[in-house]
1. If R₀ is 30 angstrom, what is the calculated FRET efficiency for the pair residue 366 and residue 133, using the beta carbon separation as r and rounding to 0.05?
2. Over the stretch 398-512, give the accessible area per residue in Å² for a 1.4 Å probe, as an integer.
3. Nearest 0.05, what FRET efficiency do residue 198 and residue 469 give at R0 = 51 Å with Cβ-Cβ as r?
4. Output wanted: per-residue J couplings in Hz (rounded whole) for the stretch 117-126, from phi through Karplus 6.51 cos²θ - 1.76 cosθ + 1.60, θ = phi - 60°, x for Gly and Pro.
5. Can you give the Rg and Dmax of the stretch 386-512 based on its C-alpha atoms, in angstrom?
6. Only residues of the stretch 469-485 count here: report those whose backbone N is under 19 Å from the spot 7 Å along Cα→Cβ of residue 403, or say none.
7. What does the highest-first list of 153-164, 269-280, 443-454, 137-148 look like by mean Cβ count within 10 Å?
8. Pop out the ³J(HN,Hα) list for the stretch 289-305 in order, Karplus 6.51 cos²θ - 1.76 cosθ + 1.60 with θ = phi - 60°, rounded to Hz; leave Gly and Pro as x.
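The values are calculated or read from the model by the stated rules, or taken from the named source; none is laboratory data. Since this is a predicted model, take the numbers as computed values, not measurements. Ideal geometry is used to build each Cβ from the backbone, glycine not excepted, and the neighbour counts take in all protein chains shown. The protein model used for the area step is the full one, side chains on, heavy atoms only, and it has no ligands, DNA or RNA in it. Shrake-Rupley method; radii C 1.70, N 1.55, O 1.52, S 1.80 Å.
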Amino acid sequence: MCTHGKGARKHAAHDVGRCAGGHIEVGGRAAKEKIAHAATGKIGLMAGGAQSLHNRKRGFELWSGGKHLSLHCRAVPRLWHGAARDRYTEDVTKRGLILGIETSCDETAAAIVERGAHTLSSVVASQIATHARYGGVVPELASREHLRAIVPVVRATLEQAQISLDDLDAVAVTSGPGLAGALLVGITYAKALAFANRLPLIAVNHLEGHIHAVLLQEREGRLPSNDPATQEPRLALDDRDDADSEREPALALVVSGGHTHLYLAQPAHGVWRYQLIGRTLDDAAGEAYDKVAKLLGLGYPGGPWIDALARFGDPLAVPFSFAQVKTKAHLAGAAPRTKAARTAPIAQLDPRFLFSFSGIKTAVLRYVELHGLRAEAEARMAKLFAQKDGRAMTLKLPQTASDALELCPQATLDLIASFQHAVVGDLLKKTFAAAEALGATRILVTGGVAANRELRARFSGEAERRGLHIAYPALALSTDNAAMIAAAAWPRLVAGEFAPDELSADPALALT
Ligand code: KG4
Ligand code: ZN
């Protein structure tokens, strides 16, 4: 998910060039992940032939048609009565297949996951090309792109998984946090699918999805698939996904373009529950990456660019520092600036686990001004965006030292490396301090910034030194996707936690 106007989007460094070029790539990832990526610009063209889904009698209409693709919910339908409302009970005829749908920010994604443990397909339609020229996500454009992409993306994921809607056991959708209009597209479409196919609908918090991206990764390959053809006996429900590691509480760092949050995650009566431990008071870490990248004339989203370039600079060249965040001073002063910050119970949090990334962005700006780097950054931006139609992202990320030097002088590379070193150091210090304070032996790191190489290397090194278990999602599951939404929905399906008929978008939904 992201917040309004934040830069930054998805994709591990190596994917950026491919995704923004307006082409569709299917199955280009590790076979195990079965991920397909596409640009929504391209996928939108496919929407013209998309299926319509009508049910005027029940006051619900959903249709698509080329450029005028539109989505209406005429009345709140009573969707999930009768059988679909019953508790989900496993039997050999069921595969526990969940269709996940994610549209909280600027990725239209759909995936099929079996029993929260096996990804059959995962399709992500990226809007990077649409938003790149604005240096951040434009909410109105995001909603429009979701409308264009949602039908073909869902169809593509069903095709890849080689299943039909009849094979599904549930539909899961992100209900928040995120952009209201963007969320509504996914929610309305998911409601229509669930209604038409008499399936239960499960609402998933986007942040819970990110946490389950790691759990999904850990479960992949551990559990047998329920193959209806062989009807092999499967694990009993109680044993299903409760490997020893999943019985213990885990400290989860969700670090993305919209969030930098620490949660204590724990399974309780089959469903995961979350306690907020720490959070950012202002910018998210990914947002700082995106703003600094923009300031330095790099591409969008900024994270993968800074990740790629930081390797060729001196991380100790510029001594950035993070002061301890003072909760009381903060509360006495100006109100928290972001909506998310306003809604969280910051006063109840231990100030040692609070983050603040707006200061380092200003420090980088000051450094750029003082060292006369602005003209060089502007020239680089002009060069990058001089590419056809403002599509800076078609440019390949630098791979070698000479690539990096061709793009930036050494002083800028040092600045980039120092920025990243400081951000990762702050994330690391507070995460491990929280783990120690809580006695957590398991750490999960997830969200777009978890794709960062320096972050993974330093967090893994620290975990090893302290004898803690640490896990990350596969790179393709670090940034927004729908496999994580379908995986998070599985325990809720088993527990019978279905979405209410009146489910709507909650842009500031808290994770509990
Ligand atoms: O989780 P995500 O896809 O969307 C949100 O929920 O926000 O995260 C996107 C964020 C962006 O800010 C992007 O710049 C950052 O993740 N990001 C990275 C890397 N890849 C993506 N940041 C640092 N290093 C990366 N390799
Ligand atoms: Zn996200």
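1. According to the calculation, E is roughly 0.65.
2. Details: 3780 Å² over 115 residues.
In whole numbers, the stretch 398-512 has 33 Å² accessible per residue.
3. On the way: r = 41 Å, r/R0 = 0.81.
Result of the calculation: an efficiency of 0.80.
4. 9, 10, 8, 7, 7, 8, 10, 10, 9, 8
5. Expressed in Å, the Cα Rg and Dmax of the stretch 386-512 come to 19.8, 57.
6. The answer is 475-476, whose backbone nitrogens lie closer than 19 Å to the label point.
7. 443-454, 137-148, 153-164, 269-280
8. The phi angles translate into 4, 5, 5, 5, 4, 5, 4, 8, x, 9, x, 10, x, x, x, x, 5 Hz.
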